[in-house]
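Report on the structure given below.
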Amino acid sequence: MKKNNTDITFAFFGTPELAVTVLEELKGAGLIPAVVVTRPDKPKGRGGHSTPPPTKEWALENKVDVLQPEKIKGEFLEEMKNTEWDVFVVAAYGKILPKELLDIPQKGTLNVHPSLLPKLRGPSPIRSAILTDEKETGVSVMLLDEEMDHGPILAQASVTTEEWPPRAVLLEGILAKEGGQLLAEVLPLWVNNEIDAKEQNHDEATFCAFLKKEDAEINLSDDPYKNLLKIRGYEGWPGAFTFFNRNDKKIRVVITDAHIGNSGELVLDTVIPEGRREMPFEDFARSGVTPVL
């Protein structure tokens, strides 16, 4: 089994590009996982070709073993139990992990969570921070227990952005990098019993929900700043959208960027009209459209 230069034996559970950012920060500190556990390959695109998760690609490039269990049970659990682990690390794995797995390592399972817990527990903390105008953002490294984002905290770091509200994809990248750096600092201290975990103040907990496509609909007659939060917070997926009329036909339009004008009004910058590519809103507006209010 591969050892890193700090002799910490750990498995890394993560799936998307954000988890790769955390892996890169760990690698920069000489912390290489013995194995990367990620979700199974998925069909993607019109051809339905099988596409590996970003963390699998990272593992193959770095000559790290990969496991892709369909379910966290049975044979996979037995395989993990057959190795002596110092700790497990989780960063955006995409699935709730059972207690039977969390308890396998000597020092439990650590999680990088992109909020200042106990604020914004749940599946969408980064985008929810933007949507709820939660300007005080940051990351937490916590010890996982059976409840969602409930376990004791090892360390936290606040993050400020140059612009508020930021684009969701930008904030995701900033928090993933900060989370990886914090984890790289904390991991050796935790394994060597040089840092303690502190219970969260559960009375101050706030929660965020799964994002749904219909939540991203915008009424252009609503408060301009509220609409800007939705445009920035829903960037990428599901994408903030509204409807326009053209020649008595209703057109769905995704708003990809906007800003608040000098008079406090919402100014649309770029859009993706239904069936078209992204374009400046001014060009779209010249095609004889009116907003559906």
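Are any residues in the stretch 6-55 farther than 14 Å from Val90 by Cα and basic (Lys, Arg), and if so, which ones?
Lys27, Lys42, Lys44, Arg46
Quick check on Ala184: is it under 27 Å from the mean Cα position of the chain (by Cα), of a type in the set (Gly, Ala, Ser) and part of a helix (DSSP H, G or I)?
yes
Just need a number here: residues in the stretch 193-227 that are closer than 30 Å to Asp145 by Cα and open to solvent by 50 Å² or more (accessible area, probe 1.4 Å).
14
Quick one: what pairs do we get from the stretch 262-280, first residue polar (S, T, N, Q), second open to solvent by 80 Å² or more (accessible area, probe 1.4 Å) and modelled with pLDDT of 95 or more, C-beta under 9 Å, 6+ apart or different chains?
The qualifying pairs are Thr270/Glu278.
Out of curiosity, is Val139 open to solvent by 10 Å² or more (accessible area, probe 1.4 Å), aliphatic (A, V, I, L, M), farther than 14 Å from Tyr234 by Cα and modelled with pLDDT of 95 or more?
Details: open to solvent by 10 Å² or more (accessible area, probe 1.4 Å): no; aliphatic (A, V, I, L, M): yes; farther than 14 Å from Tyr234 by Cα: yes; modelled with pLDDT of 95 or more: yes.
Judged against the criteria, Val139 is not a match.
Which ones in the stretch 157-183 are in contact (Cβ under 8 Å) with a residue 12 or more places away in the chain and closer than 21 Å to Thr256 by Cβ?
Thr161, Trp164, Pro165, Pro166, Arg167, Ala168, Val169, Leu171, Glu172, Gly173, Ile174
Pull out all pairs, ordered by first then second residue, where Cβ-Cβ is under 8 Å, the residues are six or more apart or on different chains, the first lies in the stretch 10-26 and is touching a residue at least 12 places away in the same chain (Cβ under 8 Å) and in a strand (DSSP E or B), and the second is acidic (Asp, Glu) and open to solvent by 10 Å² or more (accessible area, probe 1.4 Å).
Phe10/Asp86
Kindly indicate whether Gly151 is part of a strand (DSSP E or B) and either open to solvent by less than 50 Å² (accessible area, probe 1.4 Å) or under 18 Å from Leu117 (Cα atoms) (or both).
no
Scan the stretch 154-175 for residues that are in contact with an Asp or Glu (Cβ under 8 Å, 6 or more places away or on another chain) and part of a helix (DSSP H, G or I) and jot them down.
Ala168, Val169
So which residues in the stretch 26-41 are over 16 Å from Glu61 (Cβ atoms) and either within 16 Å of the chain's Cα centre (by Cα) or among the hydroxyl-bearing types (Ser, Thr, Tyr) (or both), if there are any at all?
Arg39
Among all residue pairs at least 6 apart or on different chains, which show Cβ distances below 9 Å where the first residue, located in the stretch 197-210, is at pLDDT 95 or above and the second is exposed (fewer than 14 other Cβ atoms within 10 Å of the Cβ)?
Correct list of pairs: Phe207/Met148.
Quick check on the stretch 231-253: of everything there that is in contact (Cβ under 8 Å) with a residue 60 or more places away in the chain and open to solvent by less than 40 Å² (accessible area, probe 1.4 Å), which residue is nearest to Ser128 (Cα to Cα)?
Taking the candidates together, the pick is Gly233.
Kindly evaluate Glu178 against the criterion of being in a helix (DSSP H, G or I), closer than 30 Å to Asn227 by Cβ, modelled with pLDDT of 95 or more and among the charged types (D, E, K, R).
Criteria met by Glu178.
The values are calculated or read from the model by the stated rules, or taken from the named source; none is laboratory data. Predicted, not measured: the structure shown is a model, and the values here were computed from it. Neighbour counts are summed over all protein chains in view; Cβ atoms, including those assigned to glycine, are modelled from backbone coordinates with ideal geometry. Side chains are part of the model used for accessible areas, which takes the heavy atoms of the whole protein and leaves out ligands, DNA and RNA. Shrake-Rupley method; radii C 1.70, N 1.55, O 1.52, S 1.80 Å.
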